[in-house]
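Shown next, in C-alpha cells, is the structure this report addresses.
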C-alpha cells in the first residue's frame, strides 16, 4: 500500500460513514465531522425516554433495495428485521389504502370491479389532451375524481405551489395497481434495523482508523490540513452560497405522546388541502416485533415548507431555475482540487438509502485506487463499472424530477409521497416521503 492519506469527511450520515469505513479499512486516517449531536443524519432514530418507542426523528425511513450487495453490507452492521410498509390515506371522512390499488378504486367509487373492469373504468375518467403541467398529467392519467381526492391537495401542501405550475414530466407514468396488493415497496429486500439506524451508522464508524467529532460545523475545521476532503454537506454551502441558494423543501415535526395504539398503522397521509399537515406517523409500528408491549405511543405530525437559511434541507426542488443554478455550482466544483462531493446534499439529488450506500461504496473504491496510484480523484460520483453505472443511472433518473425524494413508482404518485422518506425512500420520498 502507498503512504496512508489523511482524509476529512464532512457529514456522518450513510454516505460519509460508508466512505470512512472503507478508507479506514484500507489503512487511511479518517476524521469525520458533523454539525449535529448525533450520527446518521436524517436517518437518526432514538428511543423516546418516556415511552420506550424507537422514534424516527426526521421522518420515516424504510430500508428497501434490490441490490444484494448493499443488503449484505447493512446486515454486516445490523440485524435487519422484516418489515412490510403499508400506507393509508384520509380523504374526507374515509380511509383508503395507498398506493392506489384495486381496493382503493372499488372503495372510492363504491364498485366491485375486476382488474380489467377497473382498468377500463379508470381510462374513461381521463380528461384533457394538452399536457403541460403536473395537474394536466394527473387528470389525463386518473381523471378528476381520483386526482382531486389523492393528488391535488397533497401536492399543494408538499410543494407549496399550485400543481399547474409543476412540470408534467414529474408524473410521466402513474403506477396504478389493478390488484389488491398494498405493499408500498416491491423490492426483494426490505427491513428496518432492530436497534435503529443510528446504531447501524455508529457501528459502521466504529473503527480504530476513524475519529468522529460531533457538534462540529465544517467551517470550524481547516480542510487544507488534510490530503483529501469528502464533502456530503450542501453543495452551495461549500462555496458560501456564492451564486445564491439552491432551493429545498424542509419539514417541521410535532411529536406527541398518546395512548397506544393511536391510528393502527405506521403512516397516515392527509390528502385534503384544509388539513395543514401532510401525514401522521405512529413510530411503534416501524418495529412490529415489539409494538405490542407499549402502553404509550409516539405520533408525529409532519408539515412541509420552503427551507430557509437556518432550516434542515430535505428535498431538492430542482425546477428550471434551480437546475441552472446547480450547473454553475457544478462547474465551480469541477475547478476545485482535493475535494469530492457525495450524497444527497453534495450532489443536490434525492437518494434513497440503498442508492446512497451503493454510491458511497463505489466512490470509496475509486478513492482508494486513486490514492494508491496517484491519480486525481473524481469531484463527483462517476459511472465506472456496470454496478456503478446502474446505480448512478437510477439516482440521476430521480434527480431530474422535482419529486426526487420518491422512488420512480412513488414519483408517479408524487402527490402523496413525501419526497425520503421519508421519507422518499420520499425513498423519502412526496404521497409518501418514505425512504
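The values are calculated or read from the model by the stated rules, or taken from the named source; none is laboratory data. Nothing here was measured: the structure is a model prediction, and the numbers come from that model. A quick note on method: Cβ atoms are made from the backbone with ideal geometry, for glycine too, and the neighbour counts reach across all protein chains shown.
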Exercise for the section: For segment 206-216, state whether one or more residues are farther than 26 Å from residue 351 by Cβ and surrounded by 14 or more Cβ atoms within 10 Å (Cβ to Cβ). Expected result: no
Exercise for the section: For segment 289-326, name all the residues that are within 17 Å of residue 62 (Cβ to Cβ), outside any strand (DSSP E or B) and under 22 Å from the mean Cα position of the chain (by Cα). Expected result: 314
Exercise for the section: Under 6 Å between Cβ atoms, at least 6 apart or on separate chains: pull out the pairs that start in segment 331-346 with a residue that is surrounded by 24 or more Cβ atoms within 10 Å (Cβ to Cβ) and end on any residue that is in a loop (DSSP other than H, G, I, E, B) and modelled with pLDDT under 95. Expected result: 344/351
Handout entry: Condition met for residue 109 (crowded, with 16+ Cβ neighbours inside 10 Å, within 28 Å of residue 266 (Cα to Cα) and either within 25 Å of the chain's Cα centre (by Cα) or at pLDDT 90 or above (or both))
Key = no
Fill in the blank from the handout: With criteria (1) assigned to a helix (DSSP H, G or I); (2) under 22 Å from the mean Cα position of the chain (by Cα); (3) over 10 Å from residue 235 (Cβ atoms), residue 345 comes up short on (3)
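A quick yes/no check of all residues on (1) over 26 Å from residue 72 (Cα atoms); (2) surrounded by fewer than 19 Cβ atoms within 10 Å (Cβ to Cβ); (3) at pLDDT 50 or above:
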residue	(1), (2), (3)
324	yes, yes, yes
350	no, no, yes
388	no, no, no
395	no, no, no
414	yes, no, no
429	no, no, no
433	no, no, no
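Residues are listed down the side, and each one gets a yes or a no for (1) buried (at least 21 other Cβ atoms within 10 Å of the Cβ); (2) modelled with pLDDT under 95; (3) within 20 Å of the chain's Cα centre (by Cα); (4) closer than 16 Å to residue 101 by Cα:
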residue: 139; (1), (2), (3), (4): yes, yes, no, no
residue: 162; (1), (2), (3), (4): no, yes, no, no
residue: 170; (1), (2), (3), (4): yes, yes, yes, no
residue: 179; (1), (2), (3), (4): no, no, no, yes
residue: 189; (1), (2), (3), (4): no, no, yes, no
residue: 193; (1), (2), (3), (4): yes, no, yes, no
Completion exercise
Counting only strands (runs of 3 or more DSSP E) wholly inside segment 1-95, the ones holding at least 3 residues that are at pLDDT 95 or above and under 23 Å from residue 315 (Cβ atoms) are 63-65, 87-91
Exercise for the section: Could you tell me whether segment 257-280 includes any residue that is under 30 Å from residue 191 (Cα atoms), modelled with pLDDT of 95 or more, out of contact with any strand residue (DSSP E or B) (no Cβ under 6 Å at 6 or more places or on another chain) and part of a strand (DSSP E or B)? Expected result: yes
Exercise for the section: Inspect all residues belonging to segment 246-254 and state whether any of them is touching a helix residue (DSSP H, G or I) at 6+ places or on another chain (Cβ under 8 Å) and in a loop (DSSP other than H, G, I, E, B). Expected result: yes
